[in-house]
Amino acid sequence: MTSITASLTRDELAARLARLPRVRFAHLPTPLEDLPRLTESLGGPRILVKREDATGLAFGGNKARHYEFEMAHLQEQGFNAIVNVMDYHSNNARVTAASANKMGFKYVLILKNAKGRPSQGNLLIDTILGAELHLLDEDESDSADDLAVELGRRLESEGYKPYLRQQHAFPKYVGCVAYLDCGLELAEQLEGLGITENVHIFGVSGRSTAGLMLTAKNLGLDWKATGIAVSYEVDMQEYLYDVISGAEKELDLPVSFQPSDMRVLDQYIGEGYGIPTEGVIEAVHMLGRLEGLMIDPNYTGTVMSALIDQIRQGNLSKDETIVFLHTGGLPAIFTFAEELAAYEG
């Protein structure tokens, strides 16, 4: 076993998290399940799945954890309306809508590249949840942040105290905070299975996966992580490395996250974000047929495609235990119905 020194006990980290305001609406703890038929099919290391798709809030996903902390943060500061700017098939947009409804907040949603799109997937759920939608075409999307400011002023004139998410730091690092909490949960589940070493997390190269590694570093756990990039447009320095210090300061953590703590693979993006590759389509069908488990074509499908390929190439040791971080995003399955239905594998 790798010798790693713990800087915090689990109780100490839990106590720091407990100091933060929080509302409870996610279904926690989420299951940690074996994927024995997938493991056997690939002939590789043991694969487990952390079922963050099972958080229960409007089709679930990792964002439900985020919003337990973010919504409490907003409530504490007296906000009662949210203005959000996202892409047309955003999971964040959907879960923000559901969370705002739980809190009784007004929710205004600006969706880029959405005008003329069919009401399907996350866009349909946004509509059902009653978000005030502003659907922009490609040209209008360049001015989305300006529109957010304009709509914020309108809400103020109507007597609301609006929260413009793009203007605040907390939403940028709250995912790391939430996944420190998830890391405590995962550590206990793995220990219950007798797994204490050689844990390898596979997830999207984002704040949730990084939050798990920040937990591991502070608790002295023998974990490593591979993050899978899903878009060419995400600058890891700006998106993660520059903001994760916010979580570290919020919780006064003694050990910080370094870019080297998460290997990032960007060769599985394909043509671009939201365009499923052949590997992604195979992965979606493979998980469904072998394990009865649904994954989405944007995020978890890309991660699973990468994991399958890495095992097939012999790049992972059979001594490792793989934890596939299933972050949800399931409404996107229906957005890409035509591509998924055409699979003949």
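The values are calculated or read from the model by the stated rules, or taken from the named source; none is laboratory data. Small disclaimer: the values here were computed from a predicted structure and weren't measured. All Cβ positions, even for glycine, are placed from backbone atoms using ideal geometry, and neighbour counts span all protein chains on display.
For the stretch 205-233, the set of residues classified as of a type in the set (A, V, I, L, M, F, W, C), crowded, with 24+ Cβ neighbours inside 10 Å and part of a strand (DSSP E or B) consists of TRP223, ILE228, listed by residue number. Being assigned by TED's automatic domain parsing to the domain that holds ILE201, in a loop (DSSP other than H, G, I, E, B) and small (Gly, Ala, Ser) is a property that does not hold for GLY246.
Restricting to the stretch 250-267, count the residues that are surrounded by 13 or more Cβ atoms within 10 Å (Cβ to Cβ) and in a loop (DSSP other than H, G, I, E, B).
Number of matching residues: 6.
Taking helices (runs of 4 or more DSSP H) as the structural unit, those lying wholly within the stretch 106-178 and holding at least 1 residues that are outside the structural domain of VAL23 (by TED's automatic domain parsing) and on the phi > 0 side of the Ramachandran plot correspond to 121-128. Among the residues of the stretch 49-79, those that are of a type in the set (Gly, Ala, Ser), closer than 15 Å to PHE105 by Cβ and not in a helix (DSSP H, G or I) comprise ALA58, GLY78. So, of the residues in the stretch 33-45 that are part of a loop (DSSP other than H, G, I, E, B) and at pLDDT 95 or above, which turns out to be surrounded by the most Cβ atoms within 10 Å (Cβ to Cβ)? Taking the candidates together, the pick is LEU35. Among the residues making up the stretch 92-115, a single one is among the charged types (D, E, K, R) and closer than 17 Å to GLY78 by Cβ: LYS106. With respect to GLU344, is the statement that it is more than 20 Å from the chain's Cα centre (by Cα), at pLDDT below 95 and over 25 Å from LEU180 (Cα atoms) true? Yes: the conditions hold for GLU344.
Which residue, of PRO21, PRO29, is within 29 Å of PHE334 (Cα to Cα) and surrounded by fewer than 21 Cβ atoms within 10 Å (Cβ to Cβ)? Going through PRO21, PRO29 in turn, the sole match is PRO29. When the stretch 197-237 is filtered for residues that are more than 17 Å from ARG263 (Cα to Cα) and either touching a strand residue (DSSP E or B) at 6+ places or on another chain (Cβ under 6 Å) or at pLDDT below 95 (or both), only GLU233 remains. Could you tell me whether any residue of the stretch 15-32 is under 23 Å from the mean Cα position of the chain (by Cα) and in a strand (DSSP E or B)? Yes, the stretch 15-32 contains a residue that is under 23 Å from the mean Cα position of the chain (by Cα) and in a strand (DSSP E or B). In the stretch 301-328, the residue that is farthest from the chain's Cα centre (by Cα) out of those that are part of a helix (DSSP H, G or I) and either outside the structural domain of THR55 (by TED's automatic domain parsing) or surrounded by fewer than 19 Cβ atoms within 10 Å (Cβ to Cβ) (or both) is ARG312.
Only one of the numbered conditions (1) crowded, with 16+ Cβ neighbours inside 10 Å; (2) out of contact with any His (no Cβ under 9 Å at 6 or more places or on another chain) is violated by GLU150, and that is (1). Just to be sure, is ALA100 farther than 19 Å from ASP296 by Cα, among the small types (Gly, Ala, Ser) and surrounded by 17 or more Cβ atoms within 10 Å (Cβ to Cβ)? For ALA100, the condition - farther than 19 Å from ASP296 by Cα, among the small types (Gly, Ala, Ser) and surrounded by 17 or more Cβ atoms within 10 Å (Cβ to Cβ) - is met.
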